[in-house]
Amino acid sequence: MFNGLADWWDGVELWLAQASFPVQFVLVMAVVVPLCLVAAWLLDTVFGRVARIFGAARDANDSDRPS
């Protein structure tokens, strides 16, 4: 199974490497930009929730903060 996938990926990689620069640019932007947007949204959501959890716990137990 993985050998077929590796062969397929090698074919895609070879095709992309031999394509002209404008084709490479369009294909990479069509794939990389959406992936980066999804990754940024996911990281923002996860870290925002973690920060809210730890931020609320720290604020409730922090006696040095002026009220």
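Where a number appears in this text, it was derived from the coordinates with a stated rule and is not lab data. Note that the structure is predicted; figures quoted are calculated from it, not measured.
Laid out as a table, the results:
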quantity	calculated
HN-Hα J in Hz across region 4-20 - Karplus 6.51, -1.76, 1.60, θ = phi - 60°, x for Gly and Pro	x, 5, 5, 5, 4, 5, 4, x, 5, 4, 5, 4, 5, 5, 8, 6, 6
Prolate/oblate/rounded label for region 1-41 (Cα gyration tensor, a/c 1.5)	oblate
Stretchable slack from Ala40 to Phe25, in nm (0.36 nm times residue separation minus alpha-carbon distance)	3.3 nm
